[in-house]
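As structure tokens, the structure follows; a few thoughts come after it.
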Amino acid sequence: MTTIDTSLRHRSSIEDLYKQSLYFTGQWPLQYFSDSVSEIVTVLNKNRQIVFCNQALVSFLDVHNANDIIGKRPGEAFRCAHAGESNGGCGTTEFCKMCGAFRAIMQSQKGNANVQECRIIRDSDSSALDLQVRATPLSVHDEPFTIFAVTDISHEKRRKALESIFFHDVLNLIGGLVGYSELLQDANQEEAKEFGSVIHQLSLELTDQIEAQRELSQIEHNEYTVRIEGVHSMSLLTTLLATYKRHMVAQNKTIVIGAESEDFICATDERLLKRIVGNLIKNALEAVPEQSTVTIGCRRREDEVQFWVHNPSVIPYEVQLQMFQRSFSTKGTGRGLGTYSVKLFTERFLQGRVSFVSNQDDGTRFTITVPTTIFGNDEEKEHLKEPVRVSAS
């Protein structure tokens, strides 16, 4: 882990910001032409603070006018979830070292124009932005500045990710169905039973893949209907164990329920919770070698319940810094929806939180914490069976 340069924390005074802003806002042609393009255009000073922006940024951020943005750094303006984790703000956290926007700006300050992709998880609603940023050095009145242009490519990245997942995962399952269906034609009775069981499992996984993508699309567009009902913790874990121990990624691997797990009934969306924990189980199985064990568990803590998934592998530090970003994945281009969907589902609709620890001593453990009411009998649970519409705003 490296130390952030303390000089990156420095900010300009209000007087300097006002003076620098006048360099650009006083130039009528610049304002006119920058407002006529759809791309976001800003100018940053040497402390990476915005001193000028066009109308596209004002509209994108839905603020009153440019004065609401002047003086902020890009991550602060775009409401990056990490910008508030350090007193120094945007550019001063461990996560910032992996940020494409920060890298591009630093290259510009060295005199080099630079283009990067930047992924941002926003602090307000855990929504994700995929941006293409271009940083170009500029000198005005012998002062260094950076022209910082931004294009929102979120829809393009999401479309590519969904297409990649569909073609990769779904076609793999279809290929398995076709292969076993051909074997079934010439199989004896014993083989037919075995192949039929595999075909059934592949069919269930295919249905699950399609349903997962539909739910992700619904949630990103605020169209998901939350169904609150009584959920039996150990029953949920037992179902997930039975489902994933037959999964292709579980071959020669073991899934167990931790002995410290607690048996309770909680009020939440069972379908969504299964999707979240199931996603983490699949990720864990993919991360470990054969003969490894993945442990799942649950516990109750006052007005919260927790579900966790543990595996003995360790996530590289650089990967940890980019965890939960929509387009980032260690599995290849366009494969980054796994942990992003876990965070999105948990925070936006279950009003919970997701966390993880990963180190050499303890391996990797993801924990889902959900605020909920604990119910003691069936009568208390009965009224929870009607669907409930929950706003994600």
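Only the coordinates and a few stated rules stand behind these numbers; no lab work does. Predicted model, so just to flag it, every value in this text is computed and none were measured. Positions of Cβ are backbone-derived with ideal geometry, glycine not excepted, and every protein chain shown enters the neighbour counts.
Straightening the chain between residue 359 and residue 7 buys 123.7 nm, computed as 0.36 nm per residue apart minus the Cα-Cα spacing. Pick out, from 111, 132, 70, the residue whose Cα sits farthest towards the positive end of the charge dipole of the range 6-152, with +1 on the Cβ of Lys and Arg and -1 on the Cβ of Asp and Glu. Towards the positive end, the residue furthest out is 111.
Suppose R0 equals 45 Å. What FRET efficiency, 1/(1 + (r/R0)^6) with r the Cβ-Cβ distance, do residue 207 and residue 142 give to the nearest 0.05?
Computed FRET efficiency for residue 207 and residue 142: 0.10.
Protection proxy ranking, highest mean first, for peptides 50-60, 12-22: 50-60, 12-22, where packing is the per-residue count of other beta-carbon atoms within 10 Å, averaged. Legend: calculated FRET efficiency, residue 200 to residue 65, from the Cβ-Cβ distance at R0 = 51 Å, rounded to 0.05, equals 0.25.
Label-to-label distance, residue 351 versus residue 271, with points set 7 angstrom from Cα along the beta-carbon direction: 2.0 nm.
Can you give the FRET efficiency for residue 32 and residue 318, using 1/(1 + (r/R0)^6), R0 = 41 Å, r = Cβ-Cβ distance, to the nearest 0.05? Between residue 32 and residue 318 the formula returns 0.45.
Protection proxy ranking of 174-180, 304-310, 94-100, by the mean of other Cβ atoms within 10 Å over each peptide's residues and highest first, is 304-310, 94-100, 174-180.
With a Cα-only, solvent-free Debye model of the range 9-56, what are the log10 I(q)/I(0) values at q = 0.27, 0.28 Å⁻¹? The calculated log intensity ratios at q = 0.27, 0.28 Å⁻¹ are -0.98, -1.02. Panel order for 340, 244, by other beta carbons found within 10 Å of each beta carbon, from fewest to most: 244, 340.
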